[in-house]
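> What follows is a structure written as structure tokens; I'll ask about it next.
The values are calculated or read from the model by the stated rules, or taken from the named source; none is laboratory data. None of these values were measured; they are calculated from a predicted model. Note: ideal-geometry Cβ built from the backbone for every residue, glycine included; neighbour counts use all protein chains shown.
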Amino acid sequence: MKMPKVAIVQESPILLDRDATIAKAVALIEDAASAGAELVVFPEAYIAGYPAWIWRLRPGGDWGTSEALHARLLDSAVDIEAGELTPLCNAAQTNKVTVICGMNERDGLQSRATLYNTVVIINNDGRLLNRHRKLMPTNPERMVWGFGDGSSLKVVETSLGRVSTLLCWENYMPLARYAIYSQGVEVYVAPTYDSGDGWIGTMQHIAREGRCWVVCSGVALEHSDLPDDFPEKERLYPDSGEWINPGDSLVVAPGGEIVAGPMRREKGILYAEVDAGAVATAKRALDVAGHYSRPDIFTLEVNTQVQHSIRLK
């Protein structure tokens with residue numbers, strides 16, 4: 001019996017260029033679909049690049065550089081309400097694949113200036129199934145992105161099974177994970193900038209804890225991916241041969257076995273077959289939101305209301 005195939009895209013964006021990155025993503029979706037993939041996953045902030053420079057800027061000392069880079073990040077972000085995600089939705093529909101993609105999202109409804117670290121799930125008919133904004137940006141990320149809310153802590157039905165996403169260090173938030181487990185997630189997707197053996201161990205832990213498939217899509221970025229006019233390029237990134245981030249994409253089966261990857265310091269598409277039906281069997285001994293839970297002792301309440309700073313009457 002042929003099992004559904006997942007494609008993890010570990011490719012660099014066209015950094016700080018929204019339209020070119022979306023065009024590259026569309027081509028990669030076509031490649032993955034031609035190889036038989038039903039789910040195509042892109043990394044955290046793929047459109048149009050994770051702001052890796054925030055980890056190298058000097059607090060209070062690089063104000064001009066920070067402002068220049070933020071302006072370009074803002075200009076290259078996606079305004080979903082303005083239809084800027086349409087090419088990706090069309091590609092999902094045309095190729096009959098579900099697409100999960102991280103992006104810098106520009107708030108197009110209220111301030112029109114706030115950015116969010118967002119991941120979307122697009123169904124194979126082109127519909128947007130979920131838009132999740134990172135709940136808690138990590139450390140200097142808070143100088144870039146606003147906070148998400150609980151309205152997007154959802155598991156959605158796809159042709160591959162029940163799918164959900166958490167971004168990078170959200171996966172270290174036990175209550176966020178449990179909110180996903182409690183909805184019967186079968187394919188747990190973790191787009192991330194993190195990498196290394198510790199992170200890989202976290203992905204294995206989630207697969208053991210949630211008894212679900214874990215699909216991790218990591219950012220692969222080299223010095224050569226920086227545009228020529230990148231502000232303070234030689235000072236911030238003096239090593240022309242540097243891997244700024246190595247990727248480390250992988251797929252983990254329910255129970256913790258790595259079945260594909262980690263893909264380290266290379267670019268391309270990582271494929272794996274994923275059988276959502278194996279999840280229920282894996283939960284025979286441990287089902288943290290089912291027979292292994294104790295609702296008479298522990299309860300979790302999630303505020304799923306959309307949070308707006310302004311409400312007009």
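> Among the residues of segment 162-190, which ones are under 15 Å from residue 245 (Cβ atoms) and touching a Phe, Trp or Tyr at 6+ places or on another chain (Cβ under 7 Å)?
168
> Hey, could you check segment 1-24 for residues that are crowded, with 18+ Cβ neighbours inside 10 Å, of a type in the set (A, V, I, L, M) and over 14 Å from the mean Cα position of the chain (by Cα) and say which is nearest to residue 97 (Cα to Cα)?
6
> Can I ask one more? Look at segment 39-82 and say how many of its residues are in contact with a strand residue (DSSP E or B) (Cβ under 6 Å, 6 or more places away or on another chain) and either in a loop (DSSP other than H, G, I, E, B) or within 27 Å of residue 273 (Cβ to Cβ) (or both).
10
> Collect the residues in segment 271-281 that are surrounded by 19 or more Cβ atoms within 10 Å (Cβ to Cβ) and not in a loop (DSSP other than H, G, I, E, B), keeping them in residue-number order. Break it down into steps so the answer makes sense when it comes.
Filtering segment 271-281 down to residues surrounded by 19 or more Cβ atoms within 10 Å (Cβ to Cβ) leaves 272, 274, 276, 279.
Selection gives 272, 279.
> In this structure, does residue 205 turn out to be in contact with a Ser or Thr (Cβ under 9 Å, 6 or more places away or on another chain), in contact (Cβ under 8 Å) with a residue 12 or more places away in the chain, surrounded by fewer than 18 Cβ atoms within 10 Å (Cβ to Cβ) and over 19 Å from residue 47 (Cβ atoms)?
Working: in contact with a Ser or Thr (Cβ under 9 Å, 6 or more places away or on another chain): no; in contact (Cβ under 8 Å) with a residue 12 or more places away in the chain: yes; surrounded by fewer than 18 Cβ atoms within 10 Å (Cβ to Cβ): yes; over 19 Å from residue 47 (Cβ atoms): yes.
So residue 205 does not fit the description; no.
> Something else about it: Only one of 86, 94 is under 23 Å from residue 132 (Cβ atoms), surrounded by 12 or more Cβ atoms within 10 Å (Cβ to Cβ) and at pLDDT 95 or above; which?
Numbers: 94 fails: under 23 Å from residue 132 (Cβ atoms).
None of the other options fit; the residue is 86.
> Go through segment 243-270 residue by residue and tally those that are part of a strand (DSSP E or B) and either surrounded by 17 or more Cβ atoms within 10 Å (Cβ to Cβ) or of a type in the set (A, V, I, L, M, F, W, C) (or both). Talk me through it step by step, then tell me what you get.
Applying the first criterion (part of a strand (DSSP E or B)) to segment 243-270 yields 243-252, 258-264, 268-270.
So of that shortlist, the ones also either surrounded by 17 or more Cβ atoms within 10 Å (Cβ to Cβ) or of a type in the set (A, V, I, L, M, F, W, C) (or both) come out as 243-252, 258-264, 269-270.
So the count comes out to 19.
> So which strands (runs of 3 or more DSSP E) stay within segment 147-238 end to end and still have 2 or more residues that are out of contact with any helix residue (DSSP H, G or I) (no Cβ under 9 Å at 6 or more places or on another chain), more than 28 Å from residue 52 (Cα to Cα) and not hydrophobic (A, V, I, L, M, F, W, C)? Show your work before the answer.
On the way: elements: 156-158, 161-165, 187-192, 213-218, 220-222.
Strands (runs of 3 or more DSSP E) meeting the threshold: 156-158.
> So which residues in segment 96-112 are under 30 Å from residue 37 (Cα atoms) and either in contact with a Lys or Arg (Cβ under 8 Å, 6 or more places away or on another chain) or assigned to a loop (DSSP other than H, G, I, E, B) (or both), if there are any at all? I'd like the intermediate steps shown before the answer.
Quick first cut of segment 96-112, residues under 30 Å from residue 37 (Cα atoms) only: 96-106.
Result: 96, 97, 105, 106.
> Still on this structure, please answer the following. For residue 108, which of the numbered conditions (1) more than 23 Å from residue 217 (Cα to Cα); (2) touching a residue at least 60 places away in the same chain (Cβ under 8 Å); (3) not basic (Lys, Arg) fails to hold?
(2)
> Within segment 124-176, how many residues turn out to be touching a residue at least 60 places away in the same chain (Cβ under 8 Å), farther than 30 Å from residue 69 by Cα, in contact with a Ser or Thr (Cβ under 9 Å, 6 or more places away or on another chain) and surrounded by 19 or more Cβ atoms within 10 Å (Cβ to Cβ)?
5
> Considering 44, 30, which residue is under 27 Å from residue 246 (Cβ atoms), crowded, with 20+ Cβ neighbours inside 10 Å and acidic (Asp, Glu)?
Working: 30 fails: crowded, with 20+ Cβ neighbours inside 10 Å.
Within the list 44, 30, the selection yields 44.
> Inspect all residues belonging to segment 119-132 and state whether any of them is assigned to a loop (DSSP other than H, G, I, E, B), farther than 23 Å from residue 62 by Cβ and touching a Cys at 6+ places or on another chain (Cβ under 8 Å).
If we filter segment 119-132 for residues that are assigned to a loop (DSSP other than H, G, I, E, B), which is where we start, we get 123-127.
Still in the running and farther than 23 Å from residue 62 by Cβ: 123-127.
Now restrict to residues that are touching a Cys at 6+ places or on another chain (Cβ under 8 Å): 126-127.
There is at least one residue in segment 119-132 that is assigned to a loop (DSSP other than H, G, I, E, B), farther than 23 Å from residue 62 by Cβ and touching a Cys at 6+ places or on another chain (Cβ under 8 Å).
> Hey, any hits in segment 64-83 for a residue that's loosely packed, with under 15 Cβ neighbours inside 10 Å and touching a Gly at 6+ places or on another chain (Cβ under 8 Å)?
yes
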